[in-house]
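The values are calculated or read from the model by the stated rules, or taken from the named source; none is laboratory data. For clarity, every value in this text was computed on a predicted model and none was experimentally measured. Using ideal geometry, Cβ is built from the backbone for each residue, glycine included, and neighbour counts are taken over all protein chains shown. These area figures cover heavy atoms from the full protein model, side chains too; ligands, DNA and RNA do not enter into them. Shrake-Rupley method; radii C 1.70, N 1.55, O 1.52, S 1.80 Å.
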Amino acid sequence: MTTQALVVSGTSNTVLAAQVAHGLGLELGACRIERFPDGELDVELLAEVKGRDVYIVQSLIAPAGEHLLELALLADIAHRGGAHSVNAVVPYLGYARHDRRETRREPLGARVMAELLGARHLSRLICLDLHSLAVEGCFPTPVEHATAIPLLAEHLKAMPRPAVVVSPDLGGLKRAEVYAKQLGLPVALVHKERLSGADVSARAVVGDVKGKHVLVVDDMISTGGTMAAAVTAVLAAGAVGKVTLAATHGLFVGQAVERLQAVPVEKIWVSNSVPVKPTVALPVEVVSAAGALVSAVKPWL
Ligand code: R5P
């Protein structure tokens with residue numbers, strides 16, 4: 001009986017799971033994930049887990065609740081099957097933006113998600129570029145923070161100069177500084193106001209973008225409102241050429257395609273933490289995040 005660690009994939013991101021297994025030199029355990037006639041999930045793990053460290057790869061993309069349940073069911077199988085440890089590799093952690101309550105009428109969504117996912121059988125959670133590091137506080141299990149920024153930055157070195165890295169809001173400033181350090185560029189900031197879940201407005205640009213090529217960086221592109229507003233703001237402030245965008249998580253939901261088609265964008269660099277639909281009619285370049293996840297898992301093997 002083998003005691004070698006095992007990678008298991010949920011249905012949300014099978015390509016990345018296979019890349020992670022390959023990068024770690026581990027077996028990708030077969031599982032069967034179907035539906036019972038009443039719509040409930042019917043999950044079976046076909047690989048032997050007894051005595052093994054199990055790493056379940058699952059991004060909590062839409063439908064986030066279903067993917068969360070799939071992950072919890074796989075973790076339960078591994079636990080009940082006698083795994084030595086059960087670990088979740090969650091490249092995109094849904095609900096991470098609900099890390100605080102704006103009003104007393106809202107839930108603390110990240111905490112609820114963490115309780116549903118993490119409290120029971122998980123030894124460790126490996127995440128990629130979390131919306132905020134504070135989300136870790138919602139989890140009872142240790143969290144490993146992997147980052148795809150160096151992998152994305154590698155492709156951005158060829159950007160024309162002079163250039164500046166721009167954060168589309170105050171919350172992303174530290175992230176922009178990480179990109180800027182890797183690229184040897186200065187940083188500027190857009191003063192953003194969120195009007196609703198899908199709408200934002202950019203008020204002003206803080207820092208010098210005049211006559212410079214701009215790279216706007218964020219953790220995610222969801223409805224594209226934040227990035228589109230940032231592009232419009234930096235061009236109004238005198239930036240030159242088309243704007244380059246980079247984000248770890250490319251969700252491209254809602255009006256994202258229309259919004260980003262409506263502004264001058266050179267390229268949009270994202271990782272494969274979320275599978276990008278081949279139909280997305282945007283200049284998207286996808287970089288594999290497998291290397292970042294492999295580096296985060298390896299020390300624990
Ligand atoms: C917000 O704080 C996040 O860092 C992103 O800026 C935001 O979630 C992007 O969402 P959207 O693309 O819908 O503007």
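Inclusion of residue 153 among residues that are outside the structural domain of residue 74 (by TED's automatic domain parsing) and more than 30 Å from residue 17 (Cβ to Cβ) is not warranted. When the range 215-264 is filtered for residues that are assigned to a strand (DSSP E or B) and more than 19 Å from residue 198 (Cβ to Cβ), the ones remaining, listed by number, are 215, 217, 243, 244, 246, 248.
Residues in the range 41-69 that are closer than 17 Å to residue 124 by Cα and crowded, with 19+ Cβ neighbours inside 10 Å: 49, 52, 53, 54, 55, 56, 57, 58, 59, 60, 68. Scanning the range 11-40 for residues that are crowded, with 19+ Cβ neighbours inside 10 Å and either over 25 Å from the mean Cα position of the chain (by Cα) or under 15 Å from residue 272 (Cβ atoms) (or both) turns up 12, 13, 16, 17, 19, 20, 21. Within the range 140-157, the residues that satisfy the criterion of being closer than 25 Å to residue 87 by Cβ and open to solvent by 20 Å² or more (accessible area, probe 1.4 Å) are 140, 142, 144, 145, 147, 150, 151. Against the conditions (1) modelled with pLDDT under 95; (2) within 25 Å of residue 251 (Cα to Cα), residue 23 satisfies every one except (1).
Residue selection: residue 166 fails the criterion of being in contact (Cβ under 8 Å) with a residue 12 or more places away in the chain, farther than 17 Å from residue 218 by Cα and open to solvent by less than 20 Å² (accessible area, probe 1.4 Å). Which of (1) within 15 Å of the ligand (Cβ to nearest atom); (2) in contact with a His (Cβ under 8 Å, 6 or more places away or on another chain); (3) at pLDDT below 95 does residue 280 not meet, given it meets every other one? Residue 280 satisfies every listed condition except (2). Within 30 Å of residue 86 (Cβ to Cβ), open to solvent by 10 Å² or more (accessible area, probe 1.4 Å) and either in a helix (DSSP H, G or I) or assigned by TED's automatic domain parsing to the domain that holds residue 187 (or both), is that true of residue 292? Yes; evaluated as a whole, the condition is true for this residue. Selection over the range 14-38 of residues that are in a loop (DSSP other than H, G, I, E, B) and touching a helix residue (DSSP H, G or I) at 6+ places or on another chain (Cβ under 9 Å) gives a count of 1. Taken over the range 179-199, the criterion of being away from the ligand (no atom under 12 Å from the Cβ) and touching a residue at least 24 places away in the same chain (Cβ under 8 Å) is satisfied by 179, 182, 183, 185, 188. State which residue is most open to solvent (accessible area, probe 1.4 Å) when the search covers only the range 233-267 and only residues that are of a type in the set (S, T, N, Q) and within 13 Å of the ligand (Cβ to nearest atom). Taking the candidates together, the pick is 255.
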